[in-house]
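Below is one structure, written out as structure tokens, with a few remarks after it.
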């Protein structure tokens, strides 16, 4: 049973509480303090309106999320990181999408469930958490029952994540860099390493290691890390953190699909793709320290 089905009343309470906070927004570590309800825009550029760019079964996610029916992804617009190398910059930076209501969001979730999707996968949900939770609350009352995936960049408010306990089945943070200079230069977030470490620990405390039943993920933490050119040593530090402070059984997707998109070509350090040698050095290092789940989809159970 999905966790939120045991906490339906909490869904509504947390949604209402966090929606009120939009009047002085502190949903993420940037804590812009602007009044989104009145239409003001902070760093992420989102107002109170929920905006999505697309939705549908996604077959390019990790195998335990995809299964046979696909992962029911809902791509939300805007972002609180706005990385210079963003591959979805038209969505995350430019905000291309459509304003929808929480009722429409609930109908989309139910549509994806009927299509046979194994989960509802919210992509970049950080700045829309209250609207999402209200949509989930309404969907539950119409029959939603599949697990919820919180697919984020890791730059989360610890206080918000604490409020989500019992409401999210699968946390899927992307740990990007531990190098503070890289975080400042490429994400304008020098505090990212400190933030993401605390947040991922809290996520793991809530849901534990990824639980896979009959090939399908039902609960737990799934960590992503994109290997970047010239940052192999930083990747190794991230693997060390996961092994020492999260779990030796952590499911870690070490990804090799980086390519220099958006403004990446303006920065010589990340203006090329990582080499195969760089990628494999990170994978072999992870294996050498005892991590073993999820590398490039090789371990599925």
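Restricting region 213-222 to residues that are outside any loop (DSSP other than H, G, I, E, B) and free of Cβ contacts under 8 Å to residues at least 60 places away in the same chain leaves a set whose member that is farthest from residue 85 (Cα to Cα) is 213.
Residue-level analysis places residue 172 among those that are closer than 25 Å to residue 83 by Cα and assigned to a strand (DSSP E or B).
Each row is one residue, and each column tells you yes or no for (1) without any contact (Cβ under 8 Å) to a residue 40 or more places away in the chain; (2) in contact with a helix residue (DSSP H, G or I) (Cβ under 6 Å, 6 or more places away or on another chain); (3) crowded, with 18+ Cβ neighbours inside 10 Å; (4) closer than 27 Å to residue 295 by Cα.
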| residue | (1), (2), (3), (4) |
| --- | --- |
| 28 | no, yes, yes, no |
| 96 | no, yes, no, no |
| 99 | no, no, no, no |
| 108 | no, no, yes, no |
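Do we have residue 33 as modelled with pLDDT of 95 or more and either surrounded by 19 or more Cβ atoms within 10 Å (Cβ to Cβ) or closer than 18 Å to residue 107 by Cβ (or both) here?
no
Within region 188-211, residues that are under 13 Å from residue 222 (Cβ atoms) reach partners that are crowded, with 22+ Cβ neighbours inside 10 Å and modelled with pLDDT under 95 with beta carbons closer than 9 Å, at six or more positions or on different chains, in the pairs 210/294. Inspection of region 274-295 finds a residue satisfying the criterion of being closer than 16 Å to residue 83 by Cβ and either in a loop (DSSP other than H, G, I, E, B) or at pLDDT 95 or above (or both). From the list 136, 160, the lone residue that is surrounded by fewer than 23 Cβ atoms within 10 Å (Cβ to Cβ) and in contact (Cβ under 8 Å) with a residue 12 or more places away in the chain is 160.
Within region 227-234, the presence of a residue that is under 14 Å from the mean Cα position of the chain (by Cα), assigned to a loop (DSSP other than H, G, I, E, B), surrounded by fewer than 24 Cβ atoms within 10 Å (Cβ to Cβ) and modelled with pLDDT of 95 or more is excluded.
When region 175-198 is examined, which residues are found to be part of a helix (DSSP H, G or I) and buried (at least 23 other Cβ atoms within 10 Å of the Cβ)?
Listed by number, the residues that qualify are 183, 186, 192, 196.
Screening the candidates 69, 42 for the property of being more than 26 Å from residue 185 (Cβ to Cβ), over 15 Å from the mean Cα position of the chain (by Cα) and part of a loop (DSSP other than H, G, I, E, B) yields one hit, 69.
Within region 36-56, the set of residues being buried (at least 17 other Cβ atoms within 10 Å of the Cβ), more than 24 Å from residue 196 (Cβ to Cβ) and touching a residue at least 24 places away in the same chain (Cβ under 8 Å) comprises 48, 50, 51, 52, 53, 55. Of the residues screened, residue 172 is not one that is crowded, with 19+ Cβ neighbours inside 10 Å, free of Cβ contacts under 8 Å to residues at least 40 places away in the same chain, in contact with a strand residue (DSSP E or B) (Cβ under 7 Å, 6 or more places away or on another chain) and under 22 Å from residue 216 (Cα atoms).
Considering each of 4, 19 in turn, give the residue that is outside any loop (DSSP other than H, G, I, E, B) and touching a strand residue (DSSP E or B) at 6+ places or on another chain (Cβ under 9 Å).
Residue meeting the stated conditions: 4.
Checked across region 253-266, the condition of being without any contact (Cβ under 8 Å) to a residue 60 or more places away in the chain and in a helix (DSSP H, G or I) holds for at least one residue.
The values are calculated or read from the model by the stated rules, or taken from the named source; none is laboratory data. In this text the structure is predicted, and so the values were computed from the model without any measurement. For neighbour counting, all protein chains shown are included, and Cβ atoms are generated from backbone atoms with ideal geometry for every residue, glycine included.
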